[in-house]
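One structure is given here, and the rest of the page talks about it.
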Amino acid sequence: MSDPPRNPTDARLVLALGILLGVVGIAATAARHPKMVGMDFQVYYFAAEALLSGGDFYVASPPAHPTYGYVYPPVTLPAFVPFVLLGSWQAGFAAFTLLNVGAALGAAVLLVRWVEAYRPTPLPWLDRGLVAGFTLLSLHSASTLLYGETNFLLLLALVAGFWWLDGGGSGAENRGESKAGVAFALPAVVKLFPAAVGVWLLRRRAWRTIGAATVTGTGLFALGVGVFGVETHLTFLEVAVAPRLSSSEFAGGLPAGATLLTLRRPISVLLPNLSSSLYGPLSFALLAPVVWYCYRRVPWSSSGPDSRPDSGPISGSSSDPIPRLIAIFATMAAIVVGFPSLLLYFVYLLFPMIPLLYLLERGPARKLFVSGALVADFAVTLANVRAALAGTPGEGLLPILDPVLTLATPPLYGTVAMLGACLLYLRGREPTPADPS
């Protein structure tokens, strides 16, 4: 691995811009739409309240948002009961916000440790502060903080899972792999789609991690069935899972104002007459070769059936971490843009995006990756841009911006650019010895 840039001004620009946009976004949304503050948390709160009163928590909804309802598996709901005991959703939201801040800062600490594990010197405090601020306050994170979403908690679990998997923390390697499996299982139980991280675990041959994740996930769902019954889980499948699998909103082209970060958007716009049921498979068909190529370029430490990718300084090796981080980025990006994800799910790309911002050596690949991250900072839709430019001289740009932002959102453009940078970096490296596949 070549030395990473000692003064990564470009990375600092990405993080500082993200923080600025996030602070402005939080302030503007809270001022213009005060009812949206705590919106998602209210869903959790009133569902937990219905649980305590013996009601149907999948029917319960906040009085201020009657069209919203609980969409997580039944086994997750008891986690929100303690907030109901505080007496009001406002008090519960304040406590949950503190928990969210703690989770975001915990994830930031691990991100900094990842970077410092591969640098000759620790990060300056300026960069540590920027990483923490970006994780907590960027436009990608602002919605989670403002609405009271669960993404920070799940991000922390994912980053901790990758940290333990790579040998971070203390204790024996086997124990670390088992902890990683438990950590990966928790986001998969809550939001389901993070279960696709298992593709990387299979490629890595992390059998203990896969086993721990499987036992944890199936154990929690079995516990949920035992406590809440089969009928409640059938309701969950009907009201939560089935709508997420539906592609009807993409039929004829996804509306420009939809707050989705997905490759299905441009496909639906460019191929409006194609059956909407094909948009998902086509998205993954386009992403699969990218992920495969990135996986092929991960150095493997042996040629036997139990071979693994070299694990780097975290676990005592001196191997180049970049191919491995790129493979993880390709995995997470494929998960986020392959599924019909909300814009705020970009937060799941902070690992390994932030380590790559600090560790990629200077060159064309780094320039493209940083450019993609800069573009992705603007987590907005065409509707947001129209509202922001209305009545200003910038309104004249709308004829140009309309088709661009109808085709895709800036975070999608940025993600595609960062994937391109990953391919460019790997293409410029000598092929590694053939792996055991």
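The values are calculated or read from the model by the stated rules, or taken from the named source; none is laboratory data. For clarity, every value in this text was computed on a predicted model and none was experimentally measured. Here the Cβ positions follow ideal geometry from the backbone for every residue, glycine too, while neighbour counts run over all protein chains shown.
A few points about this structure:
- Flag if residue 260 is in contact (Cβ under 8 Å) with a residue 60 or more places away in the chain, under 21 Å from residue 281 (Cβ atoms) and either in contact with a Leu (Cβ under 8 Å, 6 or more places away or on another chain) or of a type in the set (A, V, I, L, M) (or both): yes
- Output for region 1-36, where each listed residue is outside any helix (DSSP H, G or I) and either surrounded by fewer than 18 Cβ atoms within 10 Å (Cβ to Cβ) or of a type in the set (S, T, N, Q) (or both): 1, 2, 3, 5, 6, 7, 33
- Applying the condition of being of a type in the set (Gly, Ala, Ser) and touching a Leu at 6+ places or on another chain (Cβ under 7 Å) to region 64-99 and asking which residue is nearest to residue 42 (Cα to Cα) yields 92.
- Filter result for the condition that a residue is of a type in the set (A, V, I, L, M) and more than 26 Å from residue 47 (Cα to Cα), over 256, 188, 183: 256
- Counted residues, region 201-214 - those being assigned to a helix (DSSP H, G or I) and in contact with a Lys or Arg (Cβ under 8 Å, 6 or more places away or on another chain): 2
- Answer residue from region 255-292, given it is outside any helix (DSSP H, G or I) and of a type in the set (Ser, Thr, Tyr) and is nearest to residue 381 (Cα to Cα) among those: 259
- Inter-residue pairs, beta-carbon under 7 Å, first in contact (Cβ under 8 Å) with a residue 60 or more places away in the chain and in region 117-128, second hydrophobic (A, V, I, L, M, F, W, C) and buried (at least 17 other Cβ atoms within 10 Å of the Cβ), 6+ apart: 117/314; 118/359; 123/112; 123/115
- Selection from region 89-115 of residues that are within 17 Å of residue 38 (Cβ to Cβ) and either more than 17 Å from the chain's Cα centre (by Cα) or surrounded by fewer than 16 Cβ atoms within 10 Å (Cβ to Cβ) (or both): 89, 90, 91, 92, 93, 94, 95, 96, 97, 98, 99, 101
- Filter result for residue 146 (part of a loop (DSSP other than H, G, I, E, B) and either of a type outside the set (Lys, Arg) or over 17 Å from residue 342 (Cα atoms) (or both)): no
- Residue in region 70-84 that is farther than 19 Å from residue 342 by Cα, modelled with pLDDT under 95 and out of contact with any Ser or Thr (no Cβ under 8 Å at 6 or more places or on another chain) present: no
- If you check 85, 99, 20 for being farther than 30 Å from residue 375 by Cα and not charged (D, E, K, R), only one passes: 85.
- Residues of region 272-323 classified as over 22 Å from the mean Cα position of the chain (by Cα) and at pLDDT 95 or above, total: 0
- Count of residues meeting criterion [touching a Gly at 6+ places or on another chain (Cβ under 8 Å) and hydroxyl-bearing (Ser, Thr, Tyr)] in region 118-139: 2
- Residues in region 132-175 that are within 19 Å of residue 210 (Cβ to Cβ) and of a type in the set (D, E, K, R) were compared, and the one that is modelled with the highest pLDDT is 166.
- Listed by first and then second residue, the pairs with beta-carbon distance under 6 Å, at least 6 apart or on different chains, first residue in region 70-91 and at positive phi, second modelled with pLDDT of 95 or more and part of a helix (DSSP H, G or I), form an empty list.
To keep it simple, each residue is scored yes or no on (1) within 27 Å of residue 12 (Cα to Cα); (2) basic (Lys, Arg); (3) in contact with a Gly (Cβ under 8 Å, 6 or more places away or on another chain).
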position	(1), (2), (3)
362	yes, yes, no
374	yes, no, yes
381	yes, no, yes
397	no, no, no
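- Region 58-108, residues that are aromatic (Phe, Trp, Tyr) and within 26 Å of residue 158 (Cβ to Cβ): 68, 70, 72, 80, 83, 93, 96
- Residue satisfying condition, being of a type in the set (Gly, Ala, Ser), loosely packed, with under 15 Cβ neighbours inside 10 Å and part of a helix (DSSP H, G or I), within set 252, 226, 198, 217: 226
- Taken residue by residue, region 381-394 has at least one member that is buried (at least 16 other Cβ atoms within 10 Å of the Cβ), out of contact with any helix residue (DSSP H, G or I) (no Cβ under 8 Å at 6 or more places or on another chain) and not aromatic (Phe, Trp, Tyr).
- Exactly one residue out of 413, 345, 358 is over 18 Å from the mean Cα position of the chain (by Cα), part of a helix (DSSP H, G or I) and among the hydroxyl-bearing types (Ser, Thr, Tyr): that is 358.
- Exactly one residue out of 390, 408 is farther than 19 Å from residue 17 by Cα, in contact with a Pro (Cβ under 8 Å, 6 or more places away or on another chain) and among the aliphatic types (A, V, I, L, M), and it is 408.
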